[in-house]
Amino acid sequence: MTDLLSDASHATAAIPIRFVSAATWPTEAALDAATRRFAAMNDFAARPSQHLIMPDAEGAVAEVLFGIEDADAAWRDPFRPGQLATVLPPGLYRFANAPHDTRLAALAFLLGGYKFTRYRPSERGLARLVIPDGVDGSEMARTVAAVTLARNLINTPANDMGPAELEAAARALADAYGAACRVTTGEELRDAFPLVHAVGQASARAPRLIDLTWGDAAHPKLTLVGKGVCFDSGGLDLKPETAMLLMKKDMGGAATVLALARMIVDRKLAVRLRVIIPAVENAVGGRAFRPLDVYPSRKGLTVEVGNTDAEGRLVLADALACAAEDDPDLLIDLGTLTGAARVALGPDLPPFYTANDALAAELIHHARAEHDPLWRLPLWPPYDSLLDSRIANLGNVASGAFAGSIMCALFLQRFVADPQRWLHVDIYGWTPSARPGRPEGGECQAARALFALLEQRYG
Ligand code: BES
Ligand code: MN
Ligand code: ZN
């Protein structure tokens, strides 16, 4: 159980949080005259995210009022109550009535209380929450632990989160849940995963391929692949400073598949799970791979490097080819692959790709239900020829700058055996400015939606 949660036996001691909305306020809430006066004085009108802390006669917190959207509002943010975790004084709280979605409100409360404390302890005590009636506390704890793992990995700066540290994180997870972990490095990596090696060869911190397996071999095969670029300088096609600034988060795909794996093994889903993470640093140096270099790939296709900054798709190509070799029933890859995905949909709505319409519909359903939003973009066949190269089987970028996220997905598709059993998510992995339940910094995107889908299939 996480330290943010408390079981129902503490409910009587907990401070009640009352959800109110502008339309029903103050007629529906059973409030005395003093409360009404205090609210009016504080300009409390139950606007969404507005809160009011009511003192008791001793000066302690008696009750908290929190504004949510009207029941008939066009858009209701199920995570809005997550705001409370950042504004309430330390203490134990409970929901006095139901917000729009009690399970997601409680989850947002817990996720909103996250802080990255590795280098500086938190100055604030925790606002803790009694698990509301009807909410599964162990499911909640599992989700919070997984999201926290991903956020911590992403927020850790690159000097403390290189390929070796990412490997250590994967091994720690494997050890905790009895999974096997195999790592390929050095000459063996150059032979077996030439593109992973090429991208990582300039760094003093050795590139590697991490391969984790867990579960009964007789179960359906699920393979997760995550982009583990521990810092993306752009390579010789160096990024300008503003674009480079956040690139510690370029292992967000790896962090997210580890979080998803944690949920899967913790819940003991009936799958044979495999997690493949190419872990590299895209560095600058005398040994760096260069624009227009040509490399073989694990699949056998030769790849011409049009841009060294399109490195994520290169390392994923070899990882996907490897994943396809044991013919998984479902192959899912996640990575912080393109700036173009953000231009199209913004930081909070990652695009996903698959050739399978039924799988897409299933994922859209769970993304909505979990408030872990995703949006489908097409693997548009007419654009595929834009990857043609004059001298190799394909290039890693198209000649023009159009449809960047789609071009990346089409590149990856060339390395997948069966696009009907493949799902690719182009995540951002970061919340640029804090919103309810989503503190600023590293974010675990798509994992909750994917877990819900997997739990329905294999739970
Ligand atoms: N890691 C970046 C993509 C990225 C940038 C994600 C900013 C999130 C925020 C990736 O390796 C990259 O550099 N992609 C290039 C591709 C281009 C060279 C075709 C990009 O998006 O500019
Ligand atoms: Mn890049
Ligand atoms: Zn990158």
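The values are calculated or read from the model by the stated rules, or taken from the named source; none is laboratory data. Since the structure is predicted, the reported quantities are computational estimates derived from the model, not experimental observations. Ideal geometry is used to build each Cβ from the backbone, glycine not excepted, and the neighbour counts take in all protein chains shown. Quick note on the areas: whole protein, heavy atoms, side chains included, nothing else; ligands and nucleic acids left out. Shrake-Rupley method; radii C 1.70, N 1.55, O 1.52, S 1.80 Å.
Quick notes on this one:
- The range 262-273 - residue that is in a helix (DSSP H, G or I) and open to solvent by 10 Å² or more (accessible area, probe 1.4 Å) and, of those, farthest from ligand 3 (Cβ to nearest atom): Asp266
- Failed item, numbered, when Ala96 is tested on (1) touching a helix residue (DSSP H, G or I) at 6+ places or on another chain (Cβ under 9 Å); (2) surrounded by fewer than 18 Cβ atoms within 10 Å (Cβ to Cβ); (3) not basic (Lys, Arg): (1)
- Any hit, the range 330-339, residues being open to solvent by 20 Å² or more (accessible area, probe 1.4 Å) and more than 14 Å from ligand 3 (Cβ to nearest atom): no
- Residues that are among the aromatic types (Phe, Trp, Tyr) and either modelled with pLDDT under 95 or in a loop (DSSP other than H, G, I, E, B) (or both) within the range 50-70 are absent altogether.
- Top-ranked residue in the range 209-244 [being small (Gly, Ala, Ser) and within 24 Å of the chain's Cα centre (by Cα); ranked as farthest from ligand 1 (Cβ to nearest atom)]: Gly215
- Residue match in the range 199-210 (condition: under 25 Å from Phe451 (Cβ atoms) and either away from ligand 2 (no atom under 16 Å from the Cβ) or of a type in the set (Ser, Thr, Tyr) (or both)): yes
- Among residues of the range 398-456 being open to solvent by 10 Å² or more (accessible area, probe 1.4 Å) and among the polar types (S, T, N, Q), the one that is farthest from ligand 1 (Cβ to nearest atom) is Gln456.
- Positions within the range 276-294 being more than 16 Å from ligand 3 (Cβ to nearest atom), within 17 Å of Thr185 (Cβ to Cβ) and β-branched (Val, Ile, Thr), in sequence order: Ile276
- Leading residue by the ranking (farthest from ligand 3 (Cβ to nearest atom)) among those in the range 216-261 that are of a type in the set (S, T, N, Q) and surrounded by 22 or more Cβ atoms within 10 Å (Cβ to Cβ): Thr223
- For Ala369: the one exception among (1) under 26 Å from Glu304 (Cα atoms); (2) in contact (Cβ under 8 Å) with a residue 60 or more places away in the chain; (3) open to solvent by 20 Å² or more (accessible area, probe 1.4 Å); (4) among the hydrophobic types (A, V, I, L, M, F, W, C): (1)
- Matching entry among Ala321, Ala317 (being of a type in the set (Gly, Ala, Ser), farther than 19 Å from Ser405 by Cβ and more than 10 Å from ligand 1 (Cβ to nearest atom)): Ala321
- Scanning the range 64-97 for residues that are closer than 22 Å to Gly113 by Cα, out of contact with any Leu (no Cβ under 9 Å at 6 or more places or on another chain) and not small (Gly, Ala, Ser) gives Ile68, Glu69, Arg76, Asp77, Arg80, Gln83, Thr86, Val87, Leu88, Pro89, Asn97.
- Ala73 falls short on exactly one of the conditions (1) buried (at least 17 other Cβ atoms within 10 Å of the Cβ); (2) in a loop (DSSP other than H, G, I, E, B), and that condition is (1).
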